[in-house]
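The values are calculated or read from the model by the stated rules, or taken from the named source; none is laboratory data. Fair warning: this is a prediction, and the values are worked out from it, not measured in the lab. Cβ placement follows ideal geometry from the backbone for every residue including glycine, while neighbour counts extend to all protein chains displayed.
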Amino acid sequence: MTTFLVVEGPSDAAVMRTLITAAEIPDVAVISGRGKSSAMSLAKSLAVSRSARVAVLVDADTRDPRQIDEQRRTFRDLQGSAAGLTRLFLAVPTLEEELFPDVETFVTIFRVGITERQRQKFGEDRGRAIRTYFVTTGDDGESRVKSHGKMDLQSARDGFGRPLLKEILAYLRAV
């Protein structure tokens, strides 16, 4: 049975598809929710209509523990009867910062050589640098994954030491 992972946007979907593929987790459909609210709503719809397990991965957009707790409560309230089939994963403050706290982590995981200027850009706007690396937009306006350097597969399978990623991968592996 397919497990769904709903994320905020196309670049998050591209990153997670790449990592899930490398981690060799079968039967996972990664879907871009096109925004945080839409992702949460889509999760409930998928859980109810397909009786499927659904993970939702969105940015907390904050480090404030009170705001994070409030987002978790809101999610539980919104899920209602689907609460048993859905699980929220919050990236604090964003997925890019959570998974790639520094350029060295990114370079190591994706085994890429980058210039000093690219390192500087990564430091200035990590999200944009990662989107540039992973995503291209086709003539139809849809985002697609670019080809990229070879990933360190064992690191990807292990969640490369990032607690949030390890937790998501464990949830997706569970039957």
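Checked against (1) over 17 Å from the mean Cα position of the chain (by Cα); (2) part of a loop (DSSP other than H, G, I, E, B); (3) farther than 30 Å from Ser45 by Cβ, Met151 meets all criteria but (1).
Yes or no, residue by residue, for (1) surrounded by 15 or more Cβ atoms within 10 Å (Cβ to Cβ); (2) among the polar types (S, T, N, Q):
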{"position": "Phe89", "(1), (2)": "yes, no"}
{"position": "Pro93", "(1), (2)": "yes, no"}
{"position": "Glu96", "(1), (2)": "yes, no"}
{"position": "Gln118", "(1), (2)": "yes, yes"}
{"position": "Lys121", "(1), (2)": "yes, no"}
{"position": "Glu124", "(1), (2)": "no, no"}
{"position": "Tyr133", "(1), (2)": "yes, no"}
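Show me the helices (runs of 4 or more DSSP H) found entirely inside segment 49-131 where at least 1 residues are over 20 Å from the mean Cα position of the chain (by Cα) and more than 20 Å from Tyr171 (Cβ to Cβ).
Values: elements: 65-79, 95-99, 103-110, 116-124.
Helices (runs of 4 or more DSSP H) meeting the threshold: 65-79, 116-124.
For the residues Val6, Val15, the requirement of being modelled with pLDDT under 95 and β-branched (Val, Ile, Thr) singles out Val15. Evaluating Met40 against the criteria (1) within 15 Å of the chain's Cα centre (by Cα); (2) hydrophobic (A, V, I, L, M, F, W, C); (3) closer than 18 Å to Leu165 by Cα leaves one unmet condition, (3). Of all residues being in contact with a strand residue (DSSP E or B) (Cβ under 7 Å, 6 or more places away or on another chain) and surrounded by fewer than 20 Cβ atoms within 10 Å (Cβ to Cβ) in segment 29-41, which is nearest to Val6 (Cα to Cα)? Just the residue, please. The qualifying residue nearest to Val6 (Cα to Cα) is Ile31. Within segment 15-36, residues that are on the phi > 0 side of the Ramachandran plot sit with their Cβ atoms under 9 Å from residues that are among the basic types (Lys, Arg), at 6+ positions apart or across chains, in these pairs: Glu24/Arg157. Does Gly149 meet the test of being more than 20 Å from Ser32 (Cα to Cα), modelled with pLDDT of 85 or more, of a type outside the set (Asp, Glu) and surrounded by fewer than 18 Cβ atoms within 10 Å (Cβ to Cβ)? Against the criterion (more than 20 Å from Ser32 (Cα to Cα), modelled with pLDDT of 85 or more, of a type outside the set (Asp, Glu) and surrounded by fewer than 18 Cβ atoms within 10 Å (Cβ to Cβ)), Gly149 does not qualify.
In segment 29-48, what residues are within 23 Å of Glu97 (Cα to Cα) and either out of contact with any helix residue (DSSP H, G or I) (no Cβ under 9 Å at 6 or more places or on another chain) or part of a helix (DSSP H, G or I) (or both)? First the steps, then the outcome.
First, the residues of segment 29-48 that are within 23 Å of Glu97 (Cα to Cα): 30-40.
Residues satisfying the conditions are Gly35, Lys36, Ser37, Ser38, Ala39, Met40.
Checked against (1) closer than 30 Å to Lys150 by Cα; (2) outside any helix (DSSP H, G or I), Asp12 passes all but condition (2).
Okay, residues lined up against (1) among the basic types (Lys, Arg); (2) out of contact with any helix residue (DSSP H, G or I) (no Cβ under 6 Å at 6 or more places or on another chain); (3) modelled with pLDDT of 90 or more:
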{"site": "Thr94", "(1), (2), (3)": "no, yes, yes"}
{"site": "Thr105", "(1), (2), (3)": "no, yes, no"}
{"site": "Thr108", "(1), (2), (3)": "no, yes, no"}
{"site": "Thr115", "(1), (2), (3)": "no, yes, no"}
{"site": "Gln118", "(1), (2), (3)": "no, yes, no"}
{"site": "Arg131", "(1), (2), (3)": "yes, no, no"}
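Could you tell me whether any residue of segment 2-17 is among the acidic types (Asp, Glu) and more than 10 Å from the chain's Cα centre (by Cα)? Spell out how you get there, then give the answer.
Taking segment 2-17 first, the residues among the acidic types (Asp, Glu) are 8, 12.
Imposing the further condition that a residue be more than 10 Å from the chain's Cα centre (by Cα) reduces the set to none.
Within segment 2-17 (the criterion being among the acidic types (Asp, Glu) and more than 10 Å from the chain's Cα centre (by Cα)), the answer is no, since none of the residues qualifies.
A Cβ distance below 7 Å, combined with a sequence gap of six or more or placement on separate chains, defines the contacts here; from segment 95-124, residues that are in contact (Cβ under 8 Å) with a residue 12 or more places away in the chain reach residues that are outside any helix (DSSP H, G or I) and of a type in the set (Gly, Ala, Ser) in the pairs Glu98/Ala91; Phe110/Gly149; Arg111/Gly149; Val112/Gly149.
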